[in-house]
Every structure is written in structure tokens, then in C-alpha cells.
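*Asks:* Take a look at this one; I'll ask things after.
The values are calculated or read from the model by the stated rules, or taken from the named source; none is laboratory data. Fair warning: this is a prediction, and the values are worked out from it, not measured in the lab. Neighbour counts run over all protein chains shown; Cβ positions are idealised from the backbone, glycine included. Remember, those area values only see protein heavy atoms, side chains included, never the ligands or the DNA or RNA. Shrake-Rupley method; radii C 1.70, N 1.55, O 1.52, S 1.80 Å.
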Amino acid sequence: MTSPKILIVDDEPFNVDYLEQELEESDYETVSASNGRDALDKVESESPDLILLDIMMPVMDGFEVLSHLKANPSTCDIPIIVISANNDLQSVVRGIQLGAEDYLPKPFEPTLLHARIAASLEKKRLHDLEQRYLKGLERELDIARDIQKSFLPSHLPHVNGWKVGAYFKAAREVAGDFYDAFLLPDGNLVCVVGDVCGKGVGAALFMTLFRSLIRAACTMDVFYSRKEMRTLSPNDRIAKAMSFTNRYIYEAHGDSSMFATVFIGAFNLQDGTLAYINCGNEPALVLRAGCVLTTLKPTAPAVGIFPDALFETKEIVMEKDDLILAFTDGIPDAQNGLGESFDMKGLLNALNGAVADPTLVLKRIEDQLHLFVGDADQFDDITLMAVMKNS
């Protein structure tokens with residue numbers, strides 16, 4: 001283990017010699033500087049663990065050195081003990097206000113000198129441990145974010161006569177919201193928007209589970225008998241997928257009290273029929289000619305709460321240029337700096353007169369939401385998905 005390195009900054013050679021002798025006997029490594037400018041150079045070249053800083057010096061005084069070091073992110077955490085005469089309380093107070101860790105009065109008292117140095121170094125050791133832990137945690141969250149991102153679709157399906165778009169913005173490093181879009185074995189399109197309760201890592205882990213279960217149950221025929229495989233309609237597939245996911249979450253993870261609100265829609269690409277289930281999610285909107293034609297309200301409870309819940313499927317028929325917009329509650333619940341909510345009114349205003357194109361609609365909502373929220377912190381995940389029939 002290397003000895004702590006202490007930078008002594010004083011223009012009086014006698015003081016420097018005394019401090020060097022006193023500290024070297026305690027197995028500290030010392031370097032010295034005779035003025036403030038020299039001190040800044042030594043900090044850059046030597047990376048000291050602690051600085052003993054005299055206030056009154058030529059070229060650059062201790063206050064200016066303090067200001068420079070505390071303003072620099074790479075040096076602001078180095079503990080600094082200011083050295084001042086016993087009767088110079090004003091300088092001590094100013095030094096502490098500028099960020100000094102402690103002070104030492106002149107003439108030096110050895111016991112006090114060692115006690116304050118030891119205390120400052122211990123604080124730095126604990127601070128360094130905390131920073132290493134936080135950086136490690138940050139790296140782990142970066143990895144988690146990348147893994148979670150892989151559970152969202154890398155690209156959306158391209159199908160003739162239809163357009164699909166999505167917008168996703170996590171409130172934290174990882175999110176509880178999710179979306180998905182994929183083709184069924186019969187070639188029809190399924191789109192999903194979901195929001196797992198809670199926030200942070202727990203919600204993110206369950207997000208991956210919900211998303212994977214729903215997609216697998218919709219697309220993999222191992223969940224059904226051969227007879228069912230031949231007769232399952234898109235309506236049946238999404239109903240069975242939601243029932244399967246609901247029962248699995250309840251039976252395998254019921255003690256966690258985790259659930260998700262989900263909107264899932266199966267689009268018949270030939271006749272324009274949309275079969276949907278809204279599991280306690282925000283009502284999806286149907287846009288026609290730049291106006292909200294109707295809303296697709298909940299038809300079933302949230303997923304994972306009731307083991308025998310029924311997931312009722314409803315249908316609508318989409319006409320040319322109709323657009324379906326599904327979203328999570330991060331949209332209406334978004335708040336500005338005054339604590340006001342964007343609300344459904346803000347969303348409807350953003351959609352008023354919008355061109356029927358998923359990319360343009362989502363960008364318009366994003367812009368209006370950003371304008372409303374301003375510099376306020378985002379506290380909930382935001383997810384939108386738009387699907388348009390353009391033929």
C-alpha cells in the first residue's frame with residue numbers, strides 16, 4: 001500500500017521544513033510548493049491526496065488556489081487544510097467557505113497537526129470508496145440499459161399498405177415501459193405498448209419478462225395444440241397470449257405484487273380490422289382526418305393481478321389514413337416546473353390537425369411535450385406507438 005502524498009504549500013522555508021520532517025516521520029510522502037502558481041502545477045503533476053495550504057503567499061495567494069482547485073472537477077475532491085495564524089479567524093472562515101476541509105493554526109501543534117491530517121485523509125479514503133462504488137454501479141446500469149434495449153425491437157416491421165412508428169424515452173437508466181411490433185405466423189401485425197408498475201431496476205426486470213412472454217405466446221405454436229394452430233384467429237392469439245402471461249406472472253411472481261398495464265392490437269393487414277385488448281392501459285386514440293374519432297378504452301384488468309381474469313377482445317375497422325395511437329401514462333402525467341400536468345388535453349391539442357403519418361405525429365407530440373415540460377425532470381417513462389393504414 002502506497003503512502004499518502006501530501007502537498008505542502010508555503011512561502012516560508014522554515015514552515016515547509018518543519019512540516020516535511022513531522023510528516024515523513026509518520027510515513028507520509030511529501031512534496032512542496034512555494035507559491036500558489038507552483039502549487040497548481042504540482043497538483044497537476046503529483047496528484048496529491050491532501051494539500052496543506054498557506055493563505056498569505058506571493059504570486060497567487062491561498063484563496064485563489066482554493067478557488068481554482070474547487071472549480072476543477074478533476075481536483076475539487078482533494079481535501080485542503082488551510083494554514084493560518086491563530087488570530088486570523090476571518091481568513092479561516094473564508095477558506096472554509098471556499099471549500100477547505102479544515103484549518104491549522106500557526107504555530108503548529110504536532111498532535112493537532114496529525115489528528116486533522118488523519119481525519120481529512122480518512123474522509124478522502126471513504127469518499128474515494130464511494131466514488132468507485134458509484135462508478136461501478138454506473139457501469140452496471142449502463143450494461144443493464146444495453147441489455148434492456150435489446151429487448152425492444154431493433155426495427156419495426158415493414159408491411160405494404162401500413163406504417164408503424166414508435167417513440168420511447170426512459171426516465172431513468174432503465175425503464176418499466178416497453179413496446180413491441182411483430183408479425184404473427186399468418187402474416188398479420190401485432191403491436192404492444194406496456195407499462196410495468198414501479199420504477200428502476202425491479203420494473204425493468206419485469207418489463208423484459210412481460211415483453212418476452214407476450215411475444216412468445218403470440219408467435220410460438222408450442223403453446224397450442226395442432227387443432228388450435230389451424231384455427232386460431234389473431235383475436236384468439238392475443239387473448240390467449242394475455243391469459244397465459246397473466247396466469248404465469250400471478251403464479252410464478254405473485255408475491256412480488258408486480259403487474260403491467262398493456263395495450264395489444266392485432267391488425268388484419270388485408271381487411272383493416274383491428275382486434276385489440278386494453279389491459280388497464282391509457283385509452284388508445286383513433287385518429288381520422290386530423291381529429292380523434294374515438295378511444296379504445298380498457299377491456300380487461302391489468303396483467304398479473306387476477307389469476308382467472310378474462311381478456312375481452314374488441315374490434316374496429318380502420319379506413320384508409322386512419323391512425324391508432326397507443327401510449328403509456330408518462331404522456332398525460334408529464335409535469336412542468338410548476339407541477340402542472342400535460343394531461344389528455346395537452347395530448348389532444350398536439351394531435352389537433354396533425355398529418356396522418358406515424359413519424360410526423362410522434363414528432364409533433366414529442367415537440368409539444370418538450371415545450372410544455374421545459375427544464376423539469378422527467379419522472380416517468382414515456383412510450384408511444386402509432387400505426388396507420390395508408391391503403
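*Asks:* Highest first, please rank the peptides 56-69, 254-267, 158-171 by the mean number of other Cβ atoms sitting within 10 Å of their residues.
*Replies:* 254-267, 56-69, 158-171
*Asks:* Could you report the chain's accessible area per residue, 1.4 Å probe, as an integer in Å²?
*Replies:* I get 50 Å² per residue for the chain.
*Asks:* Related question: So which lysines pass the test for Lys5, namely a Cα distance under 18 Å, with those fewer than 8 places away in the same chain ruled out?
*Replies:* Straight-distance partners of Lys5: Lys42, Lys123, Lys124.
*Asks:* Can I ask one more? Take Asp367 and Glu130, extend 7 Å from each Cα along the Cα→Cβ direction, and tell me the distance between the two endpoints in nm.
*Replies:* Rounded to a tenth, the inter-label distance reads 4.4 nm.
*Asks:* Enter the Cα centre distance for the pair region 309-369 and region 11-52, rounded to the nearest angstrom.
*Replies:* 63
*Asks:* Using only the alpha-carbon atoms, what does the chain span along each of its principal axes? Please give whole angstrom values in decreasing order.
*Replies:* 95, 46, 32
*Asks:* Another one. Hey, for a label at Leu137 modelled as a point 7 Å past Cα toward Cβ, could you say which residues of region 165-199 have their backbone N under 13 Å away?
*Replies:* 173
*Asks:* Which entries of Lys240/Lys297; Lys169/Lys363; Lys70/Lys135; Lys163/Lys363; Lys240/Lys389; Lys70/Lys169 show an alpha-carbon separation above 24 angstrom in the structure shown?
*Replies:* In this structure, Lys240/Lys389; Lys70/Lys169 lie more than 24 Å apart at Cα.
*Asks:* Let me ask something else. Quick check on packing: order 322-328, 23-29, 7-13 by the mean number of other C-beta atoms within 10 Å, highest mean leading.
*Replies:* In descending order of packing, they fall as 322-328, 7-13, 23-29.
*Asks:* Just round it to a whole percent: the fraction of Cα-Cα distances in region 94-158 exceeding 18 Å.
*Replies:* 65
*Asks:* Quick check: net charge around Phe151, other residues with Cβ under 10 Å of its Cβ, Lys/Arg +1 and Asp/Glu -1?
*Replies:* Taking every other residue near Phe151 into account, the sum is +2.
*Asks:* Net charge near Asp321, counting Lys/Arg +1 and Asp/Glu -1 over other residues with Cβ under 15 Å of its Cβ?
*Replies:* Surrounding charge for Asp321 is +1.
*Asks:* Using a 1.4 angstrom probe on heavy atoms only, work out the carbon and sulfur share of the accessible area of region 1-159 in %.
*Replies:* Of the solvent-accessible surface of region 1-159, carbon and sulfur hold 53 percent.
*Asks:* Also: Can you list residues whose amide H is under 5 Å from Asp357's amide H, if they're 5+ apart or on another chain and H is modeled 1.01 Å from N?
*Replies:* For Asp357, whose amide H was placed from the backbone, there are no distant partners under 5 Å.
*Asks:* Arranged from highest to lowest average of other beta-carbon atoms within 10 Å per residue, in what order do the peptides 149-156, 305-312 appear?
*Replies:* Packing order, densest peptide first, comes out as 305-312, 149-156.
*Asks:* How much of the accessible area of region 243-359, probe 1.4 Å, is carbon plus sulfur, in whole percent?
*Replies:* 51
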